[in-house]
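Below you'll find the structure, written out as structure tokens, and then a few comments.
The values are calculated or read from the model by the stated rules, or taken from the named source; none is laboratory data. Just so it is clear, the structure is predicted and the values come from calculations on it, not from any experiment. Cβ placement follows ideal geometry from the backbone for every residue including glycine, while neighbour counts extend to all protein chains displayed.
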Amino acid sequence: MRRRPLATAALVGVLLAAAPGHAGDATGAFAPYEDLIEVLADLTWHLKDDIYRFPPPRDPTGHDLYHLTLDRLGSWEKRFPGRLRDVTTFARAEALERLGEYAGAADAYRQVAAMASPLAERARDGAARATDFAAAAALPEDGPDVQARLAALKAKLEAWSKVIERFGGTPYEPLALVEEERLEEETAATIVAHRHLIDDGDATAERSLRFLIEKHAESKNLAAHILRLADLYADLAREYVAQHHRPLAFDEDDFRQRADRALEMYRKVATWDGSPEKPEGQGQFSAFDAWKTAVLARYR
Amino acid sequence: MGRLFPVLCALGLALAGPARGGDLVDEVARADTEAEERVHTLLASTLAEDHEAAAAAVADLAAWDDARRDAGRPSTGLVDDARYLTAALAPTRDAQRAALEDLLATHPDPLIRHLADHQLAADDADAASRLLADDRHNRRASLLNDAVRPLGLFSPTAFLAALNPLVLAGSAVDSLATTAVNLWNYDQLSPREREALVRYRTELERTPETDDAPAIARAIRRLGGKRAAALCAATVEAGATALDAGDLDHARFYLRDASRLDECEGKAAKPLDRLSTALARRAAREEAGRWPVDDPPLPRGEEAEDYAALVVAVAAGDPGTLSAAANRFVTAHGDSSLAPGARYAVALARDLGGHHADAREALADLAHDHDSAIGRHAGALLASSEWSRLADLDAAERQHARDVARYVLFGGGLLDGRSALYGAVQLGTQGVQAAQTLGLANVLGIATRAWHAWWHDPASNQAIIDRGEQFLAREPQSPDAAAVHARLTDAYERAGNPARALLHYQALPDPDPKRVAQLENELGDSLLADAEKHGNDPAILRAIVRNLGDTKAAGTARQRLEKAGATGEVVVSREVLAATPWLAGPSGLDLDPALLDGDRRNGELADGGVTLADGAMRLALENTDGPGQHIDTRALDAAAYARARAAAEEALYTRLVTADHSSPDTGRFERYIPFFFQGQIDDSGGLYLYPGVKMRPYESEDGRLYE
């Protein structure tokens, strides 16, 4: 009789020690699909997702759902050419639109619009919309020099601004906001990369990154923008050391102030719970902190 | 320059050492022409890097000093400095070391002894040899200690062994197993060996002409080979571990990296083959997942029209039309092989229509159908984070509770093999009674750990925090949001992050002011600790005062801010003055001797000592008429202030150099007699005593560079 409580205790102990992680990790295998409805339904489920504020949807195995849907629809069309073609083409257009391939989307919508399909009218609307998006997306982003590139980016941003105004409040606004954010990111990156060629380049670069952070505070990429500002501060600290490498020219307080500015930014992201950029922030913080410590030790 | 620098350092030290009763400057100041001439000759020959002339000047100075002593006059105390100065001029590493060792053999004054010791210890080859000697010692000591420890001496168990030899057998098995494991790991590359390798290399690069070069080169070859083998093994192991975990991307990086390391290609070959197979399988699986099955079900007869309408409705995504089409199909063709797809569409229609709970229910029903691909897909969807954010949060909290319980019951680490083996042998030999005894003895440990867990959460809260934050980011307007804020408050507080805890608590609809005050106090204390870590960072202190004004920490922060108002202070405590009497004299702070005579009635310096700042000297003085202290501020002219400050900084530096840096845990003769006895009260209440060889701690300043 005395063994039973002990055995029970041992069993409880073993169960406690060997308890599973958590049930939410279980996912279905990434397998061939049986019914086109499975593919279409998953896409339809996420057509109104706000991909500006949140990361694009993923299937249970972690694949980008829009991309996967596009592949699956393509393989269906290869396997069964002609079967439910209006549906697969329409869905393909929707997936392309979410992936930022507006010209391809407009073309696919137009194909459906020309078919005798219950989806033709919707496709016409889609074609008009995707054409607007494609027109803005087709504008050039580059130029022969920095000023020309910045001017091109500005013109393109203005075009997207009109698109945002036009589609504000619809499920398509986040698509345009993603484009606007990407272009503003490009603009800031261009200024940062060429700040030595621009008047008051360091301050302009800082302002452009801060503008990005403030304007896109709602974006899923906010933490990434903060990391870029931290990178700029880190570069400025490195440049300070390069410009004051002789021991008597190096001022510890000046350096510390510059380095700490970068560390503060890295730390913001390093302590940002739930952010996908958190591990990057932690790594960057550790790396830069180690560099700062080494520099201070060198000039001690 | 390399040689000039120590000369100048030594020159500086020689010019500033009044504590030793004799110093070049003092001597010169006293216009001792004879001494001045000798010192001048020495310094001039040293700065000219004329080793022979400098050696002659040292010999002359030593002879003159001897003559002074013989004549009954005090020694100048300059000979040690002079010898240290000329040692720097020695042309080779070996000659410099010999000169420094000769200097140490003359028992120089403490400052010169510390400086010479430092120069010798800074020699990389010497440091590397010491590291290797300590490493060998520790490997042997560890082997011996771990073999002896399980057997013990004077233990009641040892006496019981005579009655029950199986108990002794348990100890013997433990000892043998431990020894076998230690022998298996005996030759693993240690941090000390890594550091020794780096230091040998540095020494050889710096002084390739040294007499020790052949021996250093041999050591480098041996350690270099060992390090390469260790790097290869570690890289292959990292790759194999990632491969076993299905992390093919990391496995690819490590294994390809390993295959490029010297003499590592063979070791990486087998896991690389496994990796290739796994990558091919993954690629095939990925490709297959993008295609329909070979024979997808097709609508037949009457189904065709309803199915076509359903597919169009799914693509159009209008909830009303979709719901009608899907339900029509399910009702009319419930037995069709396409019905699972229609039921999936029902779930979609419900979700798009805002009926999330109904959609979940439809998916759950569908997930029971394990025979269809859509049923399995529905099950996977329900288990994904998108559909189970709250469930994930629940699971994270359950896991946290399990981790805490495991810590309380079993302690911090995993049960190690040796304990398990010993426990098993004990249980086998003494049966249930032993297990009970063991259990009762563990009650104390459980209670201790439970007490610890009450104050400091032993388990990570990060999973709870991540999932809670993700939930709030995705569904800030959810009816469950308040509950999640409350759960995050607790998780952050347990994790020692009162700032985030406060943020979430204040997001609750009706936060309790008492709890807010408690969290603010915790936050204030945490920030105060942070400020201390950064040398009382005024920015953090000001933030505490500004944002947490009502907390206790704010009061402390205010005081520290006021205290830190003055900058650039040099503080010389009474203890420093007592240890360096010359500093109080005219060449230093020029204090009245009465302030240090121990008599309060004529004024006495308090422990706070003297502070030099802003052209003035602040003295902390004991009150003459009773207990307590007061501050007396005396303005100094520029020359006196500069002299006092230079002298104070020099005294503080000398004190730093001559401080004893040896570990207080290291005995005087420990290097020669490194044995100890350790005793403890064992689980059965008896004295358990065992001998051991004392390990040498790894105290390298850059230890983390070699881990």
> Only one of A:248, A:212, A:296 is over 24 Å from residue B:539 (Cβ atoms), of a type in the set (A, V, I, L, M) and either touching a Lys or Arg at 6+ places or on another chain (Cβ under 9 Å) or crowded, with 20+ Cβ neighbours inside 10 Å (or both); which?
Replying inline: A:212
> Only one residue in B:561, B:589, B:508, B:503 is closer than 18 Å to residue B:461 by Cβ and out of contact with any Ser or Thr (no Cβ under 7 Å at 6 or more places or on another chain), so which one is that?
Replying inline: B:503
> Considering region B:93-109 alone, what residues qualify as being under 22 Å from residue B:579 (Cα atoms) and surrounded by 13 or more Cβ atoms within 10 Å (Cβ to Cβ)?
Replying inline: B:108, B:109
> For region B:228-237, which residues satisfy the criterion of being crowded, with 16+ Cβ neighbours inside 10 Å and under 19 Å from residue B:196 (Cα atoms)?
Replying inline: B:229, B:230, B:231
>> Restricting to region B:292-323, name every residue that is without any contact (Cβ under 8 Å) to a residue 60 or more places away in the chain and part of a loop (DSSP other than H, G, I, E, B).
In response: B:294, B:295, B:296, B:297, B:298, B:299, B:300, B:301, B:302, B:317, B:318
> Within region B:264-291, how many residues are part of a loop (DSSP other than H, G, I, E, B) and either closer than 30 Å to residue A:86 by Cα or within 8 Å of another protein chain (Cβ to nearest Cβ) (or both)?
Replying inline: 3
> Identify, please: which residue in region A:160-185 is small (Gly, Ala, Ser) and closer than 29 Å to residue A:204 by Cβ and is, among those, surrounded by the fewest Cβ atoms within 10 Å (Cβ to Cβ)?
Replying inline: A:161
>> Return the pair list, or none, for Cβ contacts closer than 8 Å from residues in region B:104-121 that are within 13 Å of residue B:654 (Cα to Cα) to residues that are of a type in the set (Asp, Glu) and surrounded by 13 or more Cβ atoms within 10 Å (Cβ to Cβ), at least 6 apart or on different chains.
In response: B:109/B:80; B:112/B:80; B:112/B:81
> From the residues in region B:113-153 that are assigned to a helix (DSSP H, G or I) and among the basic types (Lys, Arg), which one is farthest from the chain's Cα centre (by Cα)?
Replying inline: B:113
>> residue B:342 - would you say it is within 12 Å of chain A (Cβ to nearest Cβ), small (Gly, Ala, Ser) and either surrounded by 13 or more Cβ atoms within 10 Å (Cβ to Cβ) or out of contact with any Asp or Glu (no Cβ under 8 Å at 6 or more places or on another chain) (or both)?
In response: yes
> Which of the residues that make up region A:49-85 are under 25 Å from residue B:353 (Cα atoms), at the interface with chain B (Cβ under 8 Å from one of its Cβ atoms) and either more than 19 Å from the chain's Cα centre (by Cα) or surrounded by fewer than 16 Cβ atoms within 10 Å (Cβ to Cβ) (or both)?
Replying inline: A:54, A:60
> Is it true that residue A:121 is part of a helix (DSSP H, G or I) and crowded, with 21+ Cβ neighbours inside 10 Å?
Replying inline: no
>> One residue is enough: does region B:180-194 have a residue meeting the conditions of a type in the set (D, E, K, R), more than 26 Å from residue B:697 (Cα to Cα) and surrounded by fewer than 16 Cβ atoms within 10 Å (Cβ to Cβ)?
In response: no
>> On the basis of being modelled with pLDDT of 95 or more and under 24 Å from the mean Cα position of the chain (by Cα), does residue A:127 make the cut?
In response: no
> For region B:513-617, which fully contained helices (runs of 4 or more DSSP H) count at least 1 residues that are loosely packed, with under 12 Cβ neighbours inside 10 Å and acidic (Asp, Glu)?
Replying inline: B:552-563, B:574-579
>> Going residue by residue through region B:353-365, is there one that turns out to be more than 10 Å from chain A (Cβ to nearest Cβ), at positive phi and not in a helix (DSSP H, G or I)?
In response: yes
>> Which of the numbered conditions does residue B:249 fail, given that it passes all the others? Conditions: (1) more than 14 Å from chain A (Cβ to nearest Cβ); (2) more than 30 Å from residue A:87 (Cβ to Cβ); (3) exposed (fewer than 13 other Cβ atoms within 10 Å of the Cβ); (4) not aromatic (Phe, Trp, Tyr).
In response: (1)
> Restricted to region B:385-412, and to residues that are surrounded by fewer than 19 Cβ atoms within 10 Å (Cβ to Cβ), part of a helix (DSSP H, G or I) and more than 33 Å from the chain's Cα centre (by Cα), which residue is farthest from the other protein chains (Cβ to nearest Cβ)?
Replying inline: B:390
>> For region A:215-234, which positions are surrounded by fewer than 16 Cβ atoms within 10 Å (Cβ to Cβ) and touching a residue at least 40 places away in the same chain (Cβ under 8 Å)?
In response: A:218
> For region A:16-48, how many residues are modelled with pLDDT of 85 or more and more than 7 Å from every other protein chain (Cβ to nearest Cβ)?
Replying inline: 5
> Using beta carbons and a limit of 6 Å, which pairs, at least six apart or on different chains, have the first residue in region A:93-104 and closer than 19 Å to residue B:316 by Cα and the second one of a type in the set (Val, Ile, Thr) and surrounded by 20 or more Cβ atoms within 10 Å (Cβ to Cβ)?
Replying inline: A:95/A:69
> Can you tell me which of B:176, B:183, B:255 is assigned to a helix (DSSP H, G or I), hydrophobic (A, V, I, L, M, F, W, C) and in contact with a Pro (Cβ under 7 Å, 6 or more places away or on another chain)?
Replying inline: B:255
> Could you list, in sequence order, the residues of region B:195-234 that are assigned to a loop (DSSP other than H, G, I, E, B) and either free of Cβ contacts under 8 Å to residues at least 12 places away in the same chain or under 15 Å from residue B:132 (Cβ atoms) (or both)?
Replying inline: B:208, B:212
